[in-house]
Amino acid sequence: MMEAPRRPAAIARKAAAIAVGAGRRVMDVLLPPRCLACGTIVAADGALCPTCWSTITFISAPCCRRCGVPFAFDPGAGTECAECIRQPPGFERARSAVRYDDASRPLILGFKHADRTHAAPAYAAWMARAAGPLLAEADVVVPVPLHWSRLIYRRYNQAAMLAMALGRLGRRPAVPDALVRRRRTPTQGLLRRLGRFRNVAGAFAVHPRRRAAISGKRVLLVDDVLTTGATVEACVRALRGTGAAAVDVVTLARVVREG
């Protein structure tokens, strides 16, 4: 039996795929993929070289069922840490991809302040692995917002970039402007724990045009670093106050206090 002739559309798609593949190979020769940390040539975009990979502490079980802080030993499934028992957070669950430490700090600061936005897809993949069930159960993905004046200065919101990449990975709608920062707050890094909570109290609100996207939905809130939880708690209050059914949190990194 003679093979049926290919349709022009199929031939065009095949030709386009070949052209894209060839273009990628040329770019790999001219601009080879480099390690996100040290710049060494690696096999694929968004990768770390073996040496740098070994220095990053990825967070996995066992961890607190609620906030995701890692445990030194396995206390059993469903266990919460002492802090969550003492003062339960407003979110349902939180997970983070890596520890915020001397190894991960340069990666995160470079992404946040030095325009290394090409790393967003790789970081989002780390976050998706850390928060698989949270992403799978989410109705909508929402980033922690920047104040408009800071956004103009920085030119991009790193949390929004992570949220958009996570939404694509999990096939979940991402709404980058669902939350707004109503006032410009001092940098959290300069404040102690209580000062951080006071600093962001009432600072966030759901955008009036995005209330329908939030009401009754399970929201996955995205940020770069979880420290005291002050910022995400303020965002959770705004989301729940607008009718969100539940809020989970995922961050690229988190501070882990020893002991």
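Here are a few things to note about the model shown:
- Some residue of segment 68-83 being under 15 Å from Asp223 (Cβ atoms), surrounded by 22 or more Cβ atoms within 10 Å (Cβ to Cβ) and out of contact with any Asp or Glu (no Cβ under 9 Å at 6 or more places or on another chain): yes
- Scanning segment 102-115 finds no residues that are assigned by TED's automatic domain parsing to the domain that holds Asp224, aromatic (Phe, Trp, Tyr), in contact with a strand residue (DSSP E or B) (Cβ under 7 Å, 6 or more places away or on another chain) and surrounded by 14 or more Cβ atoms within 10 Å (Cβ to Cβ).
- So Ala245, is it surrounded by fewer than 22 Cβ atoms within 10 Å (Cβ to Cβ), touching a Gly at 6+ places or on another chain (Cβ under 7 Å) and hydrophobic (A, V, I, L, M, F, W, C): yes
- Residue within segment 48-60 that is in contact (Cβ under 8 Å) with a residue 60 or more places away in the chain, of a type in the set (Val, Ile, Thr), outside any helix (DSSP H, G or I) and under 29 Å from Lys217 (Cβ atoms) present: yes
- Residues satisfying the stated conditions in segment 231-246, i.e. among the hydrophobic types (A, V, I, L, M, F, W, C) and closer than 16 Å to Ala159 by Cα: Val232, Ala234, Cys235, Val236
- Among the residues listed as Val236, Val250, Val232, Val256, the single one being of a type in the set (Val, Ile, Thr), under 20 Å from Met127 (Cβ atoms) and in contact with a Gly (Cβ under 8 Å, 6 or more places away or on another chain): Val236
- Checking Ala138 against (1) over 15 Å from the mean Cα position of the chain (by Cα); (2) modelled with pLDDT of 95 or more; (3) over 25 Å from Arg193 (Cβ atoms), the condition it does not meet: (1)
- The strands (runs of 3 or more DSSP E) found entirely in segment 147-259 that carry 1 or more residues being in contact with a Cys (Cβ under 7 Å, 6 or more places away or on another chain) and either assigned by TED's automatic domain parsing to the domain that holds Ser96 or at pLDDT below 90 (or both) are 179-181, 204-206, 218-226.
- Extreme residue, surrounded by the most Cβ atoms within 10 Å (Cβ to Cβ), among residues of segment 134-147 that are among the hydrophobic types (A, V, I, L, M, F, W, C) and within 18 Å of His113 (Cβ to Cβ): Val144
- Some residue of segment 84-102 being in a helix (DSSP H, G or I), within 26 Å of Val42 (Cα to Cα) and touching a residue at least 40 places away in the same chain (Cβ under 8 Å): no
- Residue selected from segment 103-120 under the condition at pLDDT 95 or above and assigned to a loop (DSSP other than H, G, I, E, B), by the criterion farthest from Gln158 (Cα to Cα): Ala103
The values are calculated or read from the model by the stated rules, or taken from the named source; none is laboratory data. Please read these numbers as outputs of a predicted model, since none were measured by experiment. A quick note on method: Cβ atoms are made from the backbone with ideal geometry, for glycine too, and the neighbour counts reach across all protein chains shown.
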